[in-house]
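Bear in mind these aren't lab numbers, they're just calculated from the coordinates by the rules spelled out. These numbers come from a predicted model, not from an experiment. Here Cβ is always computed from backbone atoms with ideal geometry, including for glycine, and neighbour counts include all displayed protein chains.
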Amino acid sequence: MNFVPFVFELPFKMLSKLRAFASLYRELGPRWMLFRFAYAFRLRTGLLRLQMPMGEWEDYKDHVSEESAGRADAAFFRSVSRPVPGNVPWNPQAAIAEADRVLNGEIKFFAHQFVKTGFPPNWHKDAVSGFALEPARHWTEYSDDTDADIKFIWEPNRFSFAYTLVRAYAASGDEKYPEAFWTLVEDWARHNPPNTGPNWMDGQEIALRLMAWTFGYHAFRTSPASTPERLARFKRYVAAQAERIYRNRAFAVSSHNNHCITEAFALWMVGLLFPELKHAAKYLAFGKDSLEREAREQILPDGAYSMYSLNYHRFVLHLYLCAIRLSQIHQLPFTNHLITSITKSIEFLAHLVEPQTGEMPAYGSNDGALVLPLNNCDFTDYRPLLQLGWYLLKGERLFEPGPWDEDVFWICGEDFHAKKEKRGKGLEGLGEVSFPDGGIYLLRSANSRAVIRCTRFAARPSHADQLHVDLWMHGHNLAIDAGTYLYSGEGHWRNGLARTSVHNTVTVDGKDQMTLLSRFTWTDWSKGKVLRHEEDIWQGEHDGYRPVSHKRTVMALEGDRWLVIDVLDADEPHRYALHWLLADLPFEQGEDAVVLRLSERSYKVQVGTTDGSGKFSLVRADPNSTRGWRSRYYGHKEPALSVMLETTQPQVTFWTFFGFEDDVLDAAGSELKINSKPLFLSE
């Protein structure tokens, strides 16, 4: 052992840890740190195991009153037990086909890919990799921070396929679907007794399972398969899982994220729909208070979501829309503030959607979660959420009738389809372009738009993506976000797409804009600042590379052309790398440009510097790094085109032009001519 480097390495590591703790203390606060330290102590000493011991379902028999009263017989949603009417704008046969695959032992993972799991599946095994966990241990004895991604074990345990079975039953009346539901629920209960095994680890996972089970329970209650014995046992299953969530509620509250909202909704739902449970009243009260509080704290004033993730934004809005609808049915309204916040949040997302496809920029973490899989639209399609939210909160359609209407039928009732003429201004009435709380800004041209990220984080960041730009031209997302792919993977795939290097921005010396302490925890949060935002120009900066400064200007030019200027300044040389991730289209590469072929159009993306030389490279699907990849669905990656221009010098001004194949660029010093029209980059 070389002792001298070790002597210097040890203090350096200690200093790095102290700096990380100081950053956490500054950014997350002392109460959060004290709670997490205390929780870790309870976890490691076994106190949590004593408070929530392993047991049997019969232990919860006294948690259920023998007499059902009050709202116990009320439907989850009024449409749940009704058959699908004729002439609906979606194909009910699609749900039947998917449900038959479930019965054949195939489950759709992350709302995208069918996986052969068997029927019933092995509830403790990842059917993709074959990795399995020992099922007979207390839930505190497992870790979710390993190279094996536990989300692949948890995915079938969420029971998202219950919604598919319900939809198929409503479309066909075939009793094999309720029988399949009860077979799967009972098999799960046999292999997952209370507080035993990895499927009890996470309160959010339990909450999503309870939501899916309750949906199926109410849809199948009148089926011959729903025997009195099954219905009675089901309430014990609900009681045990609700109690597990409630007893560990402080951990979810401390997270200040979607876990808290999910668990609050599940407790509120159980308290509302199962009043015969011993602790229903306290579940209902805690859930309502928490949903109200988290709407105030997590939904930002401009409607954006504090997790800085559009998929998690959809996730919590599904929960809140279900809560609002149930509160209407049972005449237990939420406050006006909550309703206003959720309305504002739906409007926020409506500004970002591409109406022809329903796609959004892939901003922030995306774990493949889809709370309400009540349609056969693609996972990337946000129109089902927006149509549901617009109708529930405004009484109008946002989009014309289509497959995205099915959610509204299940949540709001079949009367929706008798109101086809009731459509407001829709997307045409949305004029906002600035969302400073969420850190998202829009520039629009005739047939194109830029969506820009620049924020001063008010909560934990998701990705290190300051000044990232998505560019949409003629409805196509050309300059794209890489997405997520995996939270737990090997090497560079360990949440690797959260890093700055894969985003459409500039890196300095190969570093991130912030310090990545763990898979999900960034410290030294970078601060973004908007300097200018007008109709056709946006300018901002961030301090993530201080003392190096980075300022970006985005300009909408004539005829759906775009210019992006990056100015970096320092006192000594640094390695600067301008990066753009482009959609995987047929392309032709030039010396400093790439031409993308799409239908009848050809788009040019060209990069350069005003002084000095740069190294241009284009990479597609690099097998040894995260470069040239994108992920639109969790656990699935696909090729993309990675364009990079690198240079080493103290100061540099990069320029990037987005236009068309025949456009001619002439760059000389600080002047750039586009089709003979000069643009001065110093402006």
Quick one: compute the contact order of the stretch 434-680, relative version, from alpha carbon pairs under 8 angstrom and 6+ residues apart, as a percent. 17
Binning at 10 angstrom from zero up to the longest distance, how are the C-alpha pair distances of the stretch 331-393 distributed in percent? 18, 48, 28, 6
FRET efficiency, 1/(1 + (r/R0)^6) with R0 30 Å, evaluated for residue 281 and residue 222 via beta carbons: 0.60
Using the basic label-point model (7 angstrom from Cα toward the beta carbon), what is the residue 434 to residue 572 distance in nanometres? 3.9
Can you list residues whose amide H is under 5 Å from residue 673's amide H, if they're 5+ apart or on another chain and H is modeled 1.01 Å from N? 666, 667, 668, 679
Using only Cα atoms, tell me the angle between helix 203-219 and the longest principal axis of the chain; keep it within 0 to 90° and round to the nearest 10. 50
Could you give the angle, 0 to 90 degrees to the nearest 10, between helix 336-352's Cα long axis and the longest principal axis of the Cα atoms of the chain? 50
Would you mind pulling out the separation of the Cα centroids of the stretch 513-563 and the stretch 222-268, in Å? 42
Quick check: pseudo-label points 7 Å beyond the Cα along Cα→Cβ at residue 129 and residue 51, how many nm apart are they? 3.0
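For the stretch 205-360, would you read off the P(r) tail past 20 Å as a percentage of all alpha carbon pairs? Could the numbers behind the result be given before it?
On the way: 6228 of 12090 pairs.
Counting pairs separated by more than 20 Å, the tail of P(r) holds 52 percent.
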For residue 519 and residue 622, what does the FRET efficiency come to when R0 = 22 Å and r is the distance between their Cβ atoms, rounded to the nearest 0.05? 0.50
Cβ-based net charge around residue 608, under 13 Å, with every Lys or Arg adding one and every Asp or Glu removing one: -4
Residue span residue 104 to residue 396: 0.36 nm per residue of separation minus Cα-Cα distance leaves a gain in nm of 101.2 nm
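Which of 511/615; 116/637; 511/673; 235/282; 551/604; 394/637 have a Cα-Cα distance over 26 Å? Walk me through the numbers on the way to the answer.
Values: 511/615 18 Å; 116/637 20 Å; 511/673 33 Å; 235/282 17 Å; 551/604 24 Å; 394/637 37 Å.
In this structure, 511/673; 394/637 lie more than 26 Å apart at Cα.
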Here the gain from full extension of residue 93 to residue 332, 0.36 nm per residue of separation minus their alpha-carbon distance, amounts to 82.4 nm
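Can you put 367, 569 in order, fewest other beta carbons within 10 Å first? Could the numbers behind the result be given before it?
On the way: 367 19, 569 14.
Listed from fewest to most nearby Cβ atoms, that is 569, 367.
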For the chain, what does the relative contact order come out to in percent, with C-alpha contacts under 8 Å and a separation of six or more? 10
Quick check: Cα centre of the stretch 472-486 to Cα centre of the stretch 628-683, how many Å? 16
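Would you mind counting up the charge near residue 254? Only other residues with Cβ under 11 Å from its Cβ, with Lys and Arg at +1 and Asp and Glu at -1. Don't skip to the end; give the middle numbers.
Values: positive: 31, 36, 249; negative: none.
Within the 11 Å Cβ shell, the charges total +3.
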Quick check for you: which residues of the stretch 634-675 have the amide N under 20 Å from the point 7 Å beyond the Cα of residue 599 toward its beta carbon? 658-663
Given pairs 151/527; 278/344; 344/529 and cut-off 27 Å on Cα-Cα distance, the over-length ones are 151/527; 278/344
Projected area averaged over all directions for the convex hull of the alpha carbon atoms of the stretch 434-680, nm², comes out at 12.9
